[in-house]
Amino acid sequence: MVDIATRVYNHRWKMDPIVRSLIDTDFYKLLMCQSVFRNRPDTQVTFSLINRTKSIRLADLIDEGELREQLDHIRSLSLTRGESTWLRGNTFYGKRQMFTPEFMEWFETLRLPPYHLEKRDGQYELTFEGAWPEVMLWEIPALAVLMELRSRAVLHDMKKFELQVLYARAMTKLWEKVERLRPFDGLRIADFGTRRRHSFLWQDWCVRAMCEGLGEKFVGTSNCLIAKNRDLEAIGTNAHELPMVYAALAETDAELAEAPYKVLADWHEEHSGNLRIILPDTYGTEGFLQNAPDWLAGWTGIRIDSGDPATGAEIAIRWWQDRGEDPRDKLIIFSDGLDEDKIIDLHQQFHGRVKLSFGWGTLLTNDFRGLTDGDALAPFSLVCKAVAANGKPTVKLSDNPRKAMGPEDEIARYKRVFGVGEQEAMEVVV
């Protein structure tokens, strides 16, 4: 087993580059990338780093030269022969050749496009511009780099035994969570923690701990590289990025109202089974479901990623019932700000009423809360989002208004078009 504390103490990034591979990313990014490559390859997008936790002044913590070195390293990466073979020949969600030969030929020659980096008011302004299929693959590695460099900055002056004790405490903390979850029958949990992980080595350790501690209750990881290396299921479907960009490209209010469903119509043509998961909250869950075409009720399930999760689940259950579907045959995936208490509560509330799965993210792979002076390793909310498409701003409303993004006038327009009224503001933990 890797001695993480010793590796951290050595402070030699060339031995431990933060991003080791183009598939050190979430599986859903590759699925979405193939969809974009097929349906909207010429769309020009801008992605931007957004630090929602302003009290974490990243530009004061992280050396710019070190950040550039890591980003430049990512731009040097390309698929290895083994990675290409895994993507071409493996079975994902019961399907062989999930990725088409045309997409793989493109991906095998890909190098990520340039980035633009500036400092402003204690924060980094990091942006990526270019063709959508290329630029979108920056999101996960960019976040992983910033999160791990922040961890390294906090750990930099710790001595070897101090680091050993810190990681021992973090390991114990995670194992206690595993022991609490273990007794619950029918539990299904996947690792969704790549984007805000403490480090690659720590995420890998967490995944192995979950494998041993939960057995069949642990169903896989979103991280493609770890899935490949550990012979696990790669887990993921789609995200807010698709409807945000499709909506930005709409020319009229009528086209805007249809954009979220156009996304899923394109997805429907490409995927079946457990990949047909609706993410309804980009512009408000209730309005999305109320206006959804009948064929969407036949999809496998729904992922709930903002707002109160129990409320979102009840809305989904009523929607299925109103459409003549049996909720017991449907899957609900919870994925927003989960920790073991919330997982247990939701499992107890909905087990037997629907099929359940949990995408456990930041508080699985980056929970060092309470383990350092001043809680300097506590996780924070950092995102990298598509902010423009073909020169037009993107908008996200969410079921939690604190997660909304976009120009104020466009947010007002989207609320009008999608019929979004008053929303309950909830704390954004991660």
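The values are calculated or read from the model by the stated rules, or taken from the named source; none is laboratory data. Model, not experiment: these values are computed from the prediction. Cβ coordinates were reconstructed from backbone atoms using ideal geometry, including for glycine residues, and neighbour counts include every protein chain displayed. For accessibility, only protein heavy atoms count, side chains too; no ligands or nucleic acids. Shrake-Rupley method; radii C 1.70, N 1.55, O 1.52, S 1.80 Å.
Listed by first and then second residue, the pairs with beta-carbon distance under 8 Å, at least 6 apart or on different chains, first residue in region 106-134 and among the hydrophobic types (A, V, I, L, M, F, W, C), second surrounded by fewer than 17 Cβ atoms within 10 Å (Cβ to Cβ) and part of a helix (DSSP H, G or I), are L112/R75; L117/E64; L117/R68. For L377, the conditions (1) of a type outside the set (F, W, Y); (2) open to solvent by 10 Å² or more (accessible area, probe 1.4 Å); (3) farther than 19 Å from R188 by Cα; (4) in contact (Cβ under 8 Å) with a residue 40 or more places away in the chain are fulfilled apart from (2). Every test in (1) outside any strand (DSSP E or B); (2) closer than 30 Å to P407 by Cβ is passed by R303 save one, and that test is (1). Scanning region 277-289 for residues that are in contact (Cβ under 8 Å) with a residue 40 or more places away in the chain and either surrounded by fewer than 18 Cβ atoms within 10 Å (Cβ to Cβ) or touching a helix residue (DSSP H, G or I) at 6+ places or on another chain (Cβ under 9 Å) (or both) returns L279, D281, T282, Y283, G284, T285, G287, F288. The requirement of being in a loop (DSSP other than H, G, I, E, B) and in contact with a helix residue (DSSP H, G or I) (Cβ under 7 Å, 6 or more places away or on another chain) is not satisfied by L346.
Would you check which residues across region 99-125 are closer than 26 Å to Y28 by Cβ, open to solvent by 70 Å² or more (accessible area, probe 1.4 Å) and either of a type in the set (K, R) or in a loop (DSSP other than H, G, I, E, B) (or both) and list them? Across region 99-125, the qualifying residues are T109, R111, P114.
From the residues in region 151-204 that are hydrophobic (A, V, I, L, M, F, W, C) and assigned to a strand (DSSP E or B), which one is farthest from I344 (Cα to Cα)? Here the residue is A190.
Within region 196-249, the set of residues being over 17 Å from W267 (Cβ atoms) and hydroxyl-bearing (S, T, Y) comprises S199, T221, S222. Total residues in region 293-308 satisfying the condition of being open to solvent by 10 Å² or more (accessible area, probe 1.4 Å), more than 16 Å from G359 (Cα to Cα) and in contact with a strand residue (DSSP E or B) (Cβ under 9 Å, 6 or more places away or on another chain): the figure is 1. Of all positions in region 393-412, none carries a residue that is farther than 23 Å from K54 by Cβ, open to solvent by 40 Å² or more (accessible area, probe 1.4 Å) and touching a Leu at 6+ places or on another chain (Cβ under 9 Å). Here N274 passes the criteria (1) of a type outside the set (S, T, Y); (2) part of a helix (DSSP H, G or I); (3) without any contact (Cβ under 8 Å) to a residue 12 or more places away in the chain; (4) within 22 Å of A292 (Cβ to Cβ) except the one numbered (3).
Can you confirm whether G273 is at pLDDT below 95 and surrounded by fewer than 23 Cβ atoms within 10 Å (Cβ to Cβ)?
So G273 passes the test.
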